[in-house]
Amino acid sequence: MPDIAVPQFLIEFKDAFYLNFIKDNRWKYLVDGLSVTLRITFFAVLIGIVLGFLVAIIRATHDKVGRTTPLIKGTLSVLNFVCNVYLTVIRGTPVVVQLLIIYFVIFGSVRIDKIIVAILAFGINSGAYVAEIVRGGIMSIDQGQFEAGRSLGFNYGQTMWFIIIPQTLKNVLPALGNEFIVLLKETSVAGYIALADLTKGGDIIRSQTFSAYMPLIAVALIYLVMVIALSRLQKLLERRMRSRDK
Amino acid sequence: MTNNPYMKPFNPETDPLISVRDLQKNFKDLHALKGVDLDIYQGDVIFVVGPSGSGKSTFLRCLNCLEEADGGEIFFEGVNITNRNVDINRHRQKMGMVFQQFNLFPHMTVMKNLTQAPIILQHKSKEEAEAEAIKLLERVGLADRADAYPNQLSGGQKQRIAIVRALCMKPDVMLFDEPTSALDPEMVGEVLEVMRDLAKQKMTMVVVTHEMAFAREVASKVVFMAEGKILEVAPPDVFFNNPRTDRLKSFLEKVL
Ligand SMILES: Nc1ncnc2c1ncn2[C@@H]1O[C@H](COP(=O)(O)OP(=O)(O)OP(=O)(O)O)[C@@H](O)[C@H]1O
Ligand SMILES: [Mg+2]
């Protein structure tokens, strides 16, 4: 169609698109990378939630505990100390450094799937932030709720499970949602241990085609879409939880 | 069982349901309870009055160990519940408590507020627990609010629900800490009505309150606390008409 004047920039765009994504099936770097990113994020979130709630409950219990035996009190003090060390170290060092240490130092002499290393590193990292969010949530519940539960005869654990945690969950949902959005983006440093995640995938294309903007903008757009989708989901959840209580 | 050091024989006909001996409580260097002794028998309706900060709430909260006593003993149905080896959760099931701020569970419907504890702790079926809850709701005139959430209720309704929540556990004694103090004046009556009804049905009650007229009307005994001690215990007519101590005289002059 030589008659129709196709603007020059469109032709360039088409060529660049072909070169970066179609030729040699380069789009696969992005799709495979996305799958790695999603897997790391998903399982790291799970670890983060479990670890975060565990640490938060230990710390809140340590602060709250009343009538108990010296043995339990002593155990709690030790656990609380361990939790504090964990929180200080994890929140006091960059996640990339933690990732590198876990890969090269802790698992240095062990053959292990790099994805598992990344899941552990990001999960352990996220757990520290979740813990502080959840602890704040537990502490913000009126003490009267706790007393009402105990006065009915619920033990400490039952009071936590049936009364405190459900209310905490609702309060911390927005902050937790943000934490997981941050986590999704933070996994982009997984390339440091040579994991081909989404970011690394784009970077591989760049190194093959010597054109930077197309693969990198594509990577950025994919992150953006995921973050926007997650934010929407979070809002939806929040609204549903709120309407259920009103 | 009676050979346990924290048990003693208990006959509900003759022994006090709750027996408090030399109860002490400190908050850091504040001596909030300085040796409180009191016997509460089945069917007693004990009103505790006294100036602000005299330790009334602390005393009441010690009775179900929400505050841990620093000295002395509390025997409930023959068991020294201040002993750490006692499973306090089991005994708390038999002591209903009503708070000034209601403390209903905001994330549960009224029905769930009422049935959660009986279902979990007394292993009742959902149907059984709900049937009992409905009966009690009818007694306080709130059967139609079973599906409401607490924030859809007025203060008076919340407090009546809170009373029912405690009653659903079939307690042997009910503890009230200023149950009407957080209410708008026009809602006080409906809550007092429920309490009056309970007293008539011979529920054992310990009530901390500033409602002197109500104390005079329903109390079997009125207790005067000041500065962490019980200064006077008497039936209401004696208590209000012939106070023995100057401390109570001047207190009554102020509040009546
Ligand atoms: N958790 C606590 N920590 C520190 N001090 C406390 C605590 N609870 C009560 N106190 C103090 O103990 C004393 C007795 O308090 P308590 O609440 O039992 O008084 P009260 O007779 O119920 O007063 P009010 O009529 O104002 O409710 C007060 O001086 C109070 O400040
Ligand atoms: Mg008080």
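Could you please find all residues in the stretch B:113-149 being surrounded by fewer than 19 Cβ atoms within 10 Å (Cβ to Cβ), within 13 Å of chain A (Cβ to nearest Cβ) and either part of a helix (DSSP H, G or I) or at pLDDT below 95 (or both)?
B:I119, B:I120, B:L121
Being at pLDDT 90 or above, out of contact with any helix residue (DSSP H, G or I) (no Cβ under 9 Å at 6 or more places or on another chain) and either outside any helix (DSSP H, G or I) or not polar (S, T, N, Q) (or both) narrows it down to one residue among A:L184, A:L224; which is it?
From the options A:L184, A:L224, the qualifying one is A:L224.
Give all pairs with beta carbons closer than 6 Å in which a residue from the stretch B:162-180 that is within 22 Å of B:K112 (Cβ to Cβ) and open to solvent by 10 Å² or more (accessible area, probe 1.4 Å) meets a residue that is modelled with pLDDT of 95 or more and not in a helix (DSSP H, G or I); count only pairs at least 6 apart in sequence or on separate chains.
As it stands, the answer is B:P171/B:K94; B:P171/B:M95; B:P171/B:G96, since those pairs meet every condition given.
Hey, among the residues in the stretch B:93-107 that are away from ligand 1 (no atom under 16 Å from the Cβ) and open to solvent by less than 10 Å² (accessible area, probe 1.4 Å), which one's nearest to B:L142 (Cα to Cα)?
B:F105
Answer yes or no: is there a residue in the stretch B:72-88 that is at the interface with chain A (Cβ under 8 Å from one of its Cβ atoms), at pLDDT below 95 and under 18 Å from the mean Cα position of the chain (by Cα).
Yes, some residue in the stretch B:72-88 is at the interface with chain A (Cβ under 8 Å from one of its Cβ atoms), at pLDDT below 95 and under 18 Å from the mean Cα position of the chain (by Cα).
Looking for something in a loop (DSSP other than H, G, I, E, B) and within 16 Å of ligand 2 (Cβ to nearest atom) - is there at least one such residue anywhere in the stretch B:167-178?
Yes, some residue in the stretch B:167-178 is in a loop (DSSP other than H, G, I, E, B) and within 16 Å of ligand 2 (Cβ to nearest atom).
Of (1) under 20 Å from A:A118 (Cα atoms); (2) buried (at least 19 other Cβ atoms within 10 Å of the Cβ), A:K185 satisfies all except one. Which?
(2)
The values are calculated or read from the model by the stated rules, or taken from the named source; none is laboratory data. Since the structure is predicted, the reported quantities are computational estimates derived from the model, not experimental observations. Methodologically, a virtual Cβ is constructed for each residue, glycine included, from the backbone with ideal geometry; neighbour enumeration extends over all protein chains shown. Heavy atoms of the whole protein, side chains included, go into the accessibility calculation; ligands, DNA and RNA do not. Shrake-Rupley method; radii C 1.70, N 1.55, O 1.52, S 1.80 Å.
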